[in-house]
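Below is one structure; the comments refer to it alone.
The values are calculated or read from the model by the stated rules, or taken from the named source; none is laboratory data. Given the structure is predicted, the values throughout are model-derived calculations rather than measurements. Glycine gets a Cβ as well: all are built from the backbone with ideal geometry, and neighbour counts include every protein chain shown. In case anyone asks, the SASA skips ligands and DNA or RNA and just uses the protein heavy atoms, side chains included. Shrake-Rupley method; radii C 1.70, N 1.55, O 1.52, S 1.80 Å.
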Amino acid sequence: MDRAWYFRFSIVAATVALAWLSLWPSIDKWVPAPSFVKNTFKGKIVPGLDIRGGLRLVYEAEVDEAIRDIRDTRAEQLLESLGRKLNVIPERDTPTRAQLDQVAERVTVKRNRDDHRKLQVVFKKTSDLKALDRDLLRNLGDLKEVGRDANTVSLEVREDRLQALRDDAVQQAKRTIVNRIDELQLRQTSVASRETDIIIEIPGEDEATFQLTRDIIGRTAQLEFKVLDDESDFVATLSDLPEGIQALKETVPTGTGKSSTSSYLMAQGKGAKQKLSKYLKSLRDAERVPEDHQLLMGSETLAQGLEPGEEPTTLWRTYYLFSRSEVGGDEIEDAWVTQGQRPEDPPFSYRLTSKNRVAQIFLKSSQKET
């Protein structure tokens, strides 16, 4: 028998042995495999949902919300561009809050609450209307003019951009979910998109893994940084507070060696979160919150001065913010905490490598489970 035959036989034998060792952990239930085999060959075959069952989740990407975000971002850029055209903001300079306030005194950008595509630009002086020309809109890219009267210009997101924005929203949500699932190292997991739906199939795992997967995907979020308007006392103008909600005052730092006193709403006790949330919704529905601001809700835990065995108290309070998002999560290069050096400084400061000042963080979900 020639040596070439032995060589071919050795290759076939090694291939069969390797195939068997790779398959062995998958049939361990019937033919127990040694631990070294299971530890070495971890590519266990997992039957699909049709054979073994598993978890199937369907998430819907909120494409309308993504389009609304693009519209709102373009509205902020539009206001800044108009400030430059009106010679309020110097070219190539980062606009200050005072400069943006000056622009707001001459022009207002109103977002349509019922239609996520539309907005209106209202000028105080008709002579300023010419600042909103075709070149300015072309630079923004996503907006087009649909009407103009004495002092108002109506805009909307261009039709030819809508489908691209929808597709981008779905693909971005899908990529985020895939990255989160990859962190769990779940094999044989399938993530697919169909129109605005994202379908996740995880065959052959246990209930604990299913719940962890739901939690991981549920925490998927879009990170935005917004600035607290500590120098405004808008909350003090609210006089029709429901029972169980009260307005309190606090002194907050507004710069080195400076502070300001402002008001906030607070609720605590049973049903406090739902009660405050319902009231804030009524303010938004009645359009009582200024267009360029948001009144949002957060929680605080009171753990000081408790008796032994007494549970900490959770209260819900409001934060009055500028609507403009100063920094997005994708813009952050680094972040760190610094300790205050002087008595008038806050105990801790959260700093980012960004040109914009940031005072508060909020998360906004980009998916919902159906």
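On the basis of being in contact (Cβ under 8 Å) with a residue 60 or more places away in the chain and open to solvent by less than 70 Å² (accessible area, probe 1.4 Å), does ALA173 make the cut?
Numbers: in contact (Cβ under 8 Å) with a residue 60 or more places away in the chain: yes; open to solvent by less than 70 Å² (accessible area, probe 1.4 Å): yes.
So ALA173 fits the description; yes.
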Problem set entry | Failed item in (1) open to solvent by 40 Å² or more (accessible area, probe 1.4 Å); (2) modelled with pLDDT under 70, with VAL46 passing the rest | (1)
Seminar exercise, completed: Restricting segment 201-223 to residues that are under 20 Å from ARG175 (Cα atoms) and at pLDDT below 70, the one most open to solvent (accessible area, probe 1.4 Å) turns out to be ARG219
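Condition first: of a type in the set (A, V, I, L, M), surrounded by 14 or more Cβ atoms within 10 Å (Cβ to Cβ) and in a strand (DSSP E or B). Can you find one or more residues in segment 126-147 that meet it? Before the answer, list the steps.
First, the residues of segment 126-147 that are of a type in the set (A, V, I, L, M): 129, 131-132, 136-137, 140, 143, 146.
After this cut, where a residue has to be surrounded by 14 or more Cβ atoms within 10 Å (Cβ to Cβ) as well, the list is 129, 131-132, 136-137, 140, 143.
Narrowing the set further to residues that are in a strand (DSSP E or B) leaves 143.
There is at least one residue in segment 126-147 that is of a type in the set (A, V, I, L, M), surrounded by 14 or more Cβ atoms within 10 Å (Cβ to Cβ) and in a strand (DSSP E or B).
With the structure loaded, tell me whether THR96 is farther than 17 Å from ILE67 by Cβ and without any contact (Cβ under 8 Å) to a residue 24 or more places away in the chain or whether it fails that test.
On the way: farther than 17 Å from ILE67 by Cβ: yes; without any contact (Cβ under 8 Å) to a residue 24 or more places away in the chain: yes.
Answer is yes for this residue.
Against the condition hydrophobic (A, V, I, L, M, F, W, C), touching a residue at least 40 places away in the same chain (Cβ under 8 Å) and either touching a Cys at 6+ places or on another chain (Cβ under 8 Å) or assigned to a helix (DSSP H, G or I) (or both), how does VAL178 come out, does it pass?
In short, no.
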For this session: Could you tell me whether GLU159 is free of Cβ contacts under 8 Å to residues at least 24 places away in the same chain, closer than 23 Å to GLU195 by Cα and under 26 Å from the mean Cα position of the chain (by Cα)?
Result: yes
Problem set entry | Residues of segment 61-102 that turn out to be part of a helix (DSSP H, G or I), more than 30 Å from ALA169 (Cβ to Cβ) and aliphatic (A, V, I, L, M), as a count | 1
Exercise. Here are ARG52, ARG97, ARG92: which of them is among the charged types (D, E, K, R), surrounded by fewer than 16 Cβ atoms within 10 Å (Cβ to Cβ), at pLDDT below 80 and closer than 30 Å to GLU195 by Cβ?
Worked result: ARG52
Exercise. Among the residues of segment 230-289, which ones are open to solvent by 40 Å² or more (accessible area, probe 1.4 Å), touching a strand residue (DSSP E or B) at 6+ places or on another chain (Cβ under 7 Å) and among the charged types (D, E, K, R)?
Worked result: GLU231, ASP233, LYS249, GLU250, LYS273, LYS275
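Report yes if LYS110 is open to solvent by 40 Å² or more (accessible area, probe 1.4 Å), in a strand (DSSP E or B), at pLDDT 85 or above and not aromatic (Phe, Trp, Tyr), otherwise no.
Details: open to solvent by 40 Å² or more (accessible area, probe 1.4 Å): yes; in a strand (DSSP E or B): yes; at pLDDT 85 or above: yes; not aromatic (Phe, Trp, Tyr): yes.
When the stated conditions are applied, LYS110 passes them.
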